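This report concerns only the one structure given below.
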Amino acid sequence: MATLMHLIKMWIAAALAMLRVTFSRLLLGPTLPSWTWRTEWAVAGARAIIAVAAERPDDAVTKQFGRLVRAPVPPSLRSSVRVRRVKLATSTADRYIRLHDPLDAATLLYFHGGGYIFGNPGTHRQFIAHLVDATRTTAYAPPYRLAPEFRFPAAVQDALASYRALLDRGIDPSSLIVCGDSAGGGLAMATLHRARRMGIPLPGGVILFSPYLDLRHTAYTIPINAGTDYLPLAELSQPNHRYASPEQLDDPEVSPLRADLTGFPRMLIFAGGAEMILDDAVRLKANADAAGVDATLIIEPEMMHVWPAIVPWQEASHRTMVQCGKWIGEGVRKTR
């Protein structure tokens, strides 16, 4: 009964938030000039649902939903992108194949976001399908163990196992691009750090969408952009102790902003100008420059956390997909 009431509370909170933002926009105009009506409702609804979910972070039904949900491939892509479940290391991953005119020279390894506590590869199917279609690549999206049941380093161990499984399949590391959004972006960086430490060949590149890189939550943009993002301010106002213990928060595989990036591959980093952890991406770019790593940072003005997945209809989301395709294509040409 408590879980049912919690779910009803989420629905009511989202409905009220969308109603409030409707009246606000009618009276005062859009929250940010580029935001459409759909964007206003999406951000308001997501903020309300996440805030209520944070009140019961260990709710069994919510967590089980996050583990099992499988979003469908968008109707517009069903004739061009196919998803199959395949064995990868000790888990079952989503494999994406572009059916028409694939580039065939690059493979993506994608780690989903969710704060290390929520989600599975299926929650990101629509976004990854768009990414595969735009970049003309093949992609693998594996699961990894989630906190608080499985704390650090379980997720990094699982991610590295998936990476090594692709290398064992004969995929050339120079043609492999490791990707991730939010916590998945942090996990991508942690995986490369561990691979380098173990002497495993590094991939040809990394693409990060709004990477979550500092679990101490020291980004100055957290309070500044709280009104234009959907992440929970209360959760980001204190360190993340659900994923790692206090003494582990400065480990470079927990908070990759603490990592020495020497020898890392080229990076493409996306961040929203209106998102709360914008400063994580800015600091990562500075660290990459200091280490001599070829890193490109693209900040989309007025966009929130992981906007290509949250508001795919925005022009900024379309630009992001085009930029990914161009960046991967340039890298492929350089290796030929």
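Any read-out appearing in this document is the output of simple, stated calculations on the displayed coordinates, not a laboratory observation. Quick caveat: nothing in here was measured; it's all calculated off a predicted structure. Because the Cβ atoms are built from the backbone with ideal geometry, glycine has one as well, and the counts that use them run over all protein chains shown.
Here are some notes:
- Around residue 91: net Lys/Arg minus Asp/Glu count, Cβ-Cβ under 13 Å: +4
- Calculated on the Cα set of segment 1-56, radius of gyration then Dmax: 12.7, 42 Å.
- Relative to the current alpha-carbon distance between residue 218 and residue 36, full extension at 0.36 nm per residue lengthens the span by 62.4 nm.
- Between segment 300-314 and segment 21-71, the alpha-carbon center distance in angstrom: 13
- The calculated FRET efficiency for the pair residue 97 and residue 28, based on their C-beta separation and a Förster distance of 35 Å, comes to about 0.15.
- Residues 149, 247, ranked from the fewest to the most other C-beta atoms within 10 Å, line up as 247, 149.
- Segment 75-135: Cα Rg divided by the 2.2 N^0.38 Å rule of thumb: 1.15
- Counted by Cβ distance under 13 Å from residue 9, the other residues give a net charge of -1, where Lys and Arg count +1 and Asp and Glu count -1.
- Within straight-line cross-link reach of residue 326, aspartates and glutamates at Cα separation under 18 Å, skipping those fewer than 8 residues along the same chain: 101, 104, 133, 294, 300, 315
- Per-residue Cβ neighbour counts within 10 Å put 27, 233, 202 in the sequence 27, 233, 202, beginning with the fewest.
- Under 16 Å from the Cα of residue 63 - aspartates and glutamates, other chains or at least 8 residues apart: 55, 149
- Rounded to the nearest 20 debye, dipole of segment 1-56 from Cβ charges on Lys, Arg, Asp, Glu: 20
- Between residue 110 and 140, 141, 179, the built amide H atoms are under 5 Å apart, and every one of these is 5 or more places off in sequence or on another chain.
- By the count of other C-beta atoms within 10 Å, a proxy for reagent exposure, 320, 90 are ordered fewest to most as 90, 320.
- Net charge, residue 141 excluded, C-beta distance under 9 Å - Lys, Arg +1, Asp, Glu -1: +1
- Phi angles across segment 108-123 convert, under the Karplus curve 6.51 cos²θ - 1.76 cosθ + 1.60 with θ = phi - 60°, into 3J(HN,Hα) values of 9, 10, 10, 10, 6, x, x, x, 6, 10, 9, x, 7, x, x, 5 Hz, Gly and Pro given as x.
- Three-way shape label, segment 144-187, alpha-carbon gyration tensor, a/c 1.5: oblate
- Shape of the chain, Cα gyration tensor, a/c cut at 1.5: rounded
- Dipole-positive endmost among 21, 277, 139 within the chain (Cβ charges, Cα centre): 139
- Phi-derived couplings, Karplus 6.51 cos²θ - 1.76 cosθ + 1.60 at θ = phi - 60°, listed residue by residue for segment 233-238: 4, 4, 5, 7, 8, 9 Hz, with x used for Gly and Pro.
- Dipole of the chain computed with +1 at Lys/Arg Cβ and -1 at Asp/Glu Cβ about the Cα centre; of 109, 51, 189, farthest Cα towards the positive end is 109.
- Debye, to nearest 20: dipole size of the chain, +1 on Lys, Arg Cβ, -1 on Asp, Glu Cβ: 1040
- Listed residue (301, 288, 312) projecting farthest to the positive dipole end of the chain, Cβ model: 312
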